[in-house]
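Here is the structure we will look at.
Laboratory data are not the source of any read-out in this text; all were calculated from the coordinates shown. These numbers come from a predicted model, not from an experiment. Because the Cβ atoms are built from the backbone with ideal geometry, glycine has one as well, and the counts that use them run over all protein chains shown.
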Amino acid sequence: MTKTWNNRAWFMVLPVLLLVAFNAVIPLMTVVNYSVQETFGNNLFFFEGVKWYQEVLASERFHAALLRQFFFTAVILLIEIPLGVAVALSMPRSGPWVSVCLVLMALPLLVPWNVVGAMWNIFALPDIGLLGYGINALGIDYNFTRQPVAAWFTVILMDVWHWTSLVVLLAYAGLSSIPDAYYQAAQIDSASRWAVFRYIQLPKMKRVLTIAILLRFMDSFMVYTEPFVLTGGGPGNATTFLSIDLVKAALGEFNLGIAAAMSIIYFLMTLLVSWLFYTLMTRGEEQ
Amino acid sequence: MDLSWMAWTWQTAVFFGVILAMLLGMTAWEWASPGGNPRRGVLGLDTTRGDRLFISLLGSAYIHLAWLGLVGPDLGWALALSIAYAVGVFRFV
């Protein structure tokens with residue numbers, strides 16, 4: 001069957017185009033405008049060219065925040081993806097416990113991000129929080145408000161608690177879609193548990209795991225609310241990720257030019273990674 | 001309509017004008033030859049000409065940033081490199 005080309009169909013996307021223009025394109029254009037100017041308030045701007053971009057690219061503070069951001073993203077991906085798959089594999093495939101497990105898994109995802117931060121803040125306090133008090137009772141000196149390692153441990157633990165469920169649910173959906181015939185064939189061949197995972201379950205989960213990695217990468221790369229509420233970027237700058245640093249520059253120091261240049265660089269990184277993942281995913285589909 | 005709150009400069013206006021001109025050019029191209037000319041290029045990716053424009057623009061942004069970070073604020077050569085890169089993308093990717 002030959003496809004009919006009708007370019008008038010493009011008018012159908014006009015409403016969404018207008019919506020995106022107002023909530024994304026126009027603000028982004030304004031940020032680009034800010035990124036080449038200096039302002040001292042009162043809507044007075046002075047053209048500075050690419051100075052802010054140069055400053056941001058050479059700024060040790062930006063490099064440090066970027067490094068922290070990549071490190072955080074790498075750590076949580078390395079923990080959440082295998083853990084999510086492991087939990088999904090150990091969940092029941094049928095029976096009444098399926099619904100119980102699914103609801104339990106979905107619970108952390110329903111908690112608003114700022115509430116997660118506040119909850120973990122209290123939970124990890126060394127004097128009154130269950131986690132903080134418990135760790136200190138074991139003889140380990142733990143205080144996330146003044147020890148960078150403890151702050152990182154708490155931020156990562158919080159993210160793992162909040163988001164591993166997403167990987168579990170996606171992996172579980174992937175596992176549920178595998179027909180029984182595959183397992184029966186494996187049983188006939190007396191395949192080991194590892195062989196079943198390596199040659200049946202993992203390949204069948206490839207699509208959903210790509211989506212899980214993409215979603216977790218994007219969310220963790222843009223993480224703001226939870227670590228901001230938990231540690232406020234501290235102690236010192238130990239947990240100041242890119243987004244926290246950006247807000248500090250824009251709203252705390254009112255360095256609109258630098259913050260705008262940072263935003264554009266941040267945006268370009270997100271755009272590149274999104275494109276890479278999208279290309280990988282659609283390529284996988286074609287194959 | 002007062003757009004002064006967007007803090008326009010003529011340089012950024014030219015920048016966005018060029019992007020708009022590219023999009024209009026692509027629209028006219030699509031009108032003249034519909035279908036987006038899909039093909040599989042040297043990267044093994046199936047791309048339409050819209051994809052190729054996106055890859056060109058994103059790559060150009062990175063070329064400019066790399067030039068700014070590694071060489072200096074004179075971006076004339078970065079622009080030339082980006083144009084050569086875009087031609088390469090449209091020809092081979």
**Prompt:** Among the aspartates and glutamates, which fall within straight-line cross-link reach of A:K206, defined as a Cα-Cα distance under 15 Å, with same-chain neighbours fewer than 8 residues apart omitted?
**Reply:** A:E285, A:E286
**Request:** Taking every pair of Cα atoms in chain A, average 1/r, invert it to obtain the Kirkwood radius, and report Rg/Rh to two decimals.
**Result:** 1.05
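For every helix of n ≥ 4 consecutive DSSP H residues, a contribution of -39,500 (n - 2.57) applies; sum these over chain B, divide by its total residues, and give [θ] at 222 nm rounded to the nearest 500 deg cm²/dmol.
Working: 3 runs with 62 residues, N = 93.
Counting only the DSSP helices, I get -23000 deg cm²/dmol.
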**Complete:** With Cα springs under 10 Å, the Gaussian network model of chain A assigns the largest mean-square fluctuation among A:W161, A:W113, A:W194 to A:W194
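What percent do you get for the relative contact order of chain B when only Cα pairs under 8 Å and 6+ apart count? Mind dumping the intermediate values first?
Details: 56 pairs, mean separation 23.1, N = 93.
It rounds to 25 percent for chain B.
Expressed in whole Å with the largest first, what are the equivalent ellipsoid semi-axes of the stretch A:150-229 derived from the C-alpha gyration tensor as the square root of 5 times each eigenvalue? Could you put the intermediate results ahead of the total?
Details: eigenvalues 236, 33, 16 Å².
They are 34, 13, 9 Å, listed from largest to smallest.
Indicate the gyration tensor shape class of the stretch A:206-287 (rounded, prolate or oblate), computed on the Cα atoms with a ≥ b ≥ c the square roots of the eigenvalues: a/c under 1.5 is rounded; otherwise a/b larger than b/c is prolate and the rest oblate. It would help to have the intermediate numbers written out before the result.
Details: a/c = 4.61, a/b = 1.90, b/c = 2.42.
Since a/c reaches 1.5 but b/c is at least a/b, the shape of the stretch A:206-287 is classed as oblate.
Within the stretch A:137-229, list the trypsin sites (Lys or Arg not before Pro) lying in a DSSP loop whose Cβ has at most 13 other Cβ atoms in a 10 Å radius. Don't jump to the answer; show the numbers that get you there.
Values: sites: A:R146, A:R193, A:R198, A:K204, A:K206, A:R207, A:R216; in loops: A:R146.
Taking the stretch A:137-229 and a limit of 13 other Cβ atoms within 10 Å, the loop trypsin sites (Lys or Arg not before Pro) found are A:R146.
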**Request:** Convert each backbone phi in the stretch A:47-62 into a coupling constant with the Karplus relation 6.51 cos²θ - 1.76 cosθ + 1.60 (shift: θ = phi - 60°), then list the ³J(HN,Hα) values in order as whole Hz, x for Gly and Pro.
**Result:** 5, 10, x, 9, 4, 5, 4, 4, 5, 5, 5, 9, 6, 5, 4, 5
**Request:** Give me the orientation-averaged projected area of the Cα convex hull of the stretch B:36-93, in nm², one decimal.
**Result:** 3.8 nm²
**Asked** Hey, what did the stretch A:71-241 get for relative contact order, percent, Cα under 8 Å, at least 6 apart?
**Response** 34 percent
**Asked** Which of A:I244, A:I122, A:I140 moves the most in a Gaussian network model of chain A with Cα springs under 10 Å?
**Response** A:I140
**Asked** So what's the stretch A:71-241 giving for Rg/Rh, alpha carbon basis, Kirkwood Rh from the mean inverse pair distance?
**Response** 1.06
**Complete:** Expected unfolding gain across A:L67-A:F197 under the 0.36 nm per residue rule, minus the alpha-carbon gap, is 43.4 nm
**Request:** Hand me the chymotrypsin sites (Phe, Trp or Tyr not before Pro) from the stretch A:4-61 located in a DSSP loop with no more than 13 other Cβ atoms within 10 Å, in residue order please.
**Result:** A:W5, A:F40
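If you take the beta carbon distance between A:L83 and A:M222 as r and set R0 to 22 Å, what does 1/(1 + (r/R0)^6) give as a FRET efficiency, to the nearest 0.05?
Details: r = 21 Å, r/R0 = 0.97.
With a Förster radius of 22 Å, E is 0.55.
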**Message:** Let's test the formula: R0 of 56 Å, r as the Cβ-Cβ distance of B:A28 and A:L102. What FRET efficiency results, to the nearest 0.05?
**Reply:** 0.65
**Asked** Based on DSSP H runs of at least 4 residues, each adding -39500 (n - 2.57), what is the mean residue ellipticity at 222 nm of chain A after dividing by all its residues, to the nearest 500 deg cm²/dmol?
**Response** -21000 deg cm²/dmol
